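Notes to accompany the following structure.
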Amino acid sequence: MEICNAVINDVKEIYGLIDTYAKQQVVLPRSLSSLYYDLQCLYVAKVDRKIVGVGALHILGPTIAEVRSLVVNQDYFGMGIGRKLVERIISEASRLGVGKLISLTYQIEFFEKCGFQIVAKEMLPEKVWKDCINCPKIKHCDEIAMEIHLARQTEMVL
């Protein structure tokens, strides 16, 4: 398995993988144009040149970023692909000088294993005012907010 930066030729396959989970309402949908626009923020896991996982690092402000669109092909569950994608995102966020990485998720146990802790959404105004305000789930969001402080975690994870 290889974790690498996504390239233009990966976008349609990334879209298909994310769309599978968006239809199940596990992640928010992404348009093809948004994936092209955010291409430099996307990381893919490949097995034999097939994309089996994807995750994105989205900068929200000078001290905070978010793990977004983290999905793994169900045929590859249990192989550590999601964790390796999160580790790559943590590494890149740390390299960029981000102090806090967040995720809004249903996968609480997974993110806890990656070092994240549950936090109140109200503690993340950068996320709420930048993204949540335009989200179709704004009035009935049931995702759990989680965060990791990278200054403490960088040495342990990397």
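Observations
- Gain upon complete extension [TYR76, GLU109; 0.36 nm per residue less C-alpha separation]: 10.1 nm
- Accessible surface of ASP10 - all protein chains present, 1.4 Å probe, nearest 10 Å²: 10 Å²
- At R0 = 41 Å, FRET efficiency that the Cβ-Cβ distance of VAL26 and THR63 yields, to 0.05: 0.90
- Only protein atoms count toward the accessible area here, which uses a 1.4 Å probe; on region 1-104, the carbon and sulfur part of that area reaches 50 percent.
- Listed by chain and number, the aspartates and glutamates whose C-alpha is less than 14 Å from the C-alpha of LYS121, apart from same-chain residues fewer than 8 away, are GLU66, ASP131, ASP142, GLU143, GLU147.
- Cα shape, region 1-88, gyration tensor, a/c 1.5 rule: rounded
The values are calculated or read from the model by the stated rules, or taken from the named source; none is laboratory data. Keep in mind that this is a model prediction, so the values were computed, not measured. Cβ atoms come from the backbone with ideal geometry, glycine included; neighbour counts cover every protein chain shown. Heads up: the accessible areas ignore ligands, DNA and RNA and are worked out on the full protein's heavy atoms, side chains in. Shrake-Rupley method; radii C 1.70, N 1.55, O 1.52, S 1.80 Å.
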